[in-house]
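The block underneath contains the structure these notes are about, expressed in structure tokens.
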Amino acid sequence: MLEFETIVFYALAVATVIPALGVMMAKDIVRVAFWLLASLSGVAGLFIMLDADFLGVTQVLVYIGGILVLILFGIMMTHRDPVLMDAGEERRRSPFTGLAVTLVTFGALLGVIIGTGWNTATAGDQSRGLRSGPLASEPTAAPIGKALLTDYVLPFEIVSVLLLVVLCGAAYIARRGRDEEASNA
Amino acid sequence: MPDIGLNAYLLVAAAIFSVGLGVVVVRRNAIAVLCGLELILNGAALNFVALNRYTGPVGRVDGQMFAVFIIILAAAEAAIALAILLNLYQMTNTVQIDEADSLRN
């Protein structure tokens, strides 16, 4: 009898890795974007299974609501006919090259993961404040908010300035017709 | 079937990371390369969260903080990269990365 958590984990793992392979194999650039959507959703589910509910929701909001829309706009603005784009137009290396790179990297990581004695807590360690198996999950939004204003306040402030600069810079870089404006002036 | 432990999550994260690396190597379309980059960043974030969950002390969210900053930086990087690609498209009428070779002797 499989536990419910096990079934959900395997379903999410498949729903994450198969679309990731789709990103590598799909011919159409729009399909690449939608495979990426599926893969990112799977990662959001995995976050939630790891008791990181705030991160799961953030993943959906930022990646799927923000970055993916940005990527789709990028596709629309850099192809004349993105929907009916000729499938053979995008030249790429043979997918087998990518598969080989993937397999070699994954094999190396597999060796490291299996070979490392991770310091995971056993059941007896829980008295020392280490967690082991599934816990009753608590919301993580409050601890994350507290950490952002105490231990992580400096990175938080730096990142806020960075985001402001990035948004201004992106708007400046992407604006159209700088040369014409300069020559007219 | 064994219980789901730390290794299972780390393996999924490693799979996402290596597939993302393969995407970056295979793709010629710069936007697809960007998609592969997002996969790589997601694999790293998943690693942080899994290790925080299984090896961190109860009540600490340090790994999740790293994942939060990874997501923020990924958003910033995607915005800048797409702005640069729009410029590249206006200059060369393509976003195939092997055609952007005007700096080659």
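Any read-out appearing in this document is the output of simple, stated calculations on the displayed coordinates, not a laboratory observation. These numbers were taken from a predicted model, which means no experiment stands behind them. Cβ sites come from the backbone with ideal geometry, for glycine too, and all protein chains shown count toward neighbours.
Determine the gain in length on full extension of the stretch residue B:98-residue B:6; use 0.36 nm per residue of separation and subtract their C-alpha separation, reporting nm with one decimal.
Residue separation times 0.36 nm, minus the Cα-Cα distance, leaves 29.1 nm.
Please give the average number of partner chain Cβ atoms lying within 10 Å of the Cβ of each residue in B:31-44, rounded to a whole number.
Values: counts 9, 11, 0, 7, 15, 6, 0, 9, 10, 0, 1, 12, 4, 0.
The mean count of partner-chain Cβ atoms within 10 Å per residue comes to 6.
Would you calculate the separation in nanometres between label points at residue B:84 and residue A:38, each defined as 7 Å from the Cα along the Cα-to-beta-carbon direction?
Result for the modelled spin labels: 3.0 nm.
Determine which residues of the stretch B:68-84 fall in the zone a paramagnetic label at residue A:172 would reach in this model, i.e. backbone nitrogen under 19 Å from the point 7 Å along Cα→Cβ.
Correct set: B:76-84.
Just grab the label-to-label distance for residue A:94 and residue A:118, each label 7 Å out from Cα along the Cβ direction, in nm (one decimal).
Label-label distance for residue A:94 and residue A:118, simple model: 3.6 nm.
Would you mind classifying the stretch B:6-97 by shape? Square roots of the alpha carbon gyration tensor eigenvalues, ordered a ≥ b ≥ c; an a/c under 1.5 is rounded, otherwise it is prolate if a/b is larger than b/c and oblate if not.
Judged from the Cα gyration tensor, the stretch B:6-97 comes out oblate (a/c at least 1.5, b/c at or above a/b).
Averaged across the residues of B:62-70, what count of C-beta atoms belonging to other chains lies within 10 Å of each residue's C-beta?
Across B:62-70, the average partner-chain Cβ count within 10 Å equals 6.
Could you give the length gained on full extension between residue A:7 and residue A:27, defined as 0.36 nm per residue of separation minus the Cα-Cα distance, in nm?
Roughly 4.1 nm would be gained on extension.
What is the list of residues in the stretch B:75-94 whose amide nitrogen lies under 12 Å from a point 7 angstrom out from the Cα of residue A:163, following Cα to Cβ?
It comes to B:75-76, nothing else.
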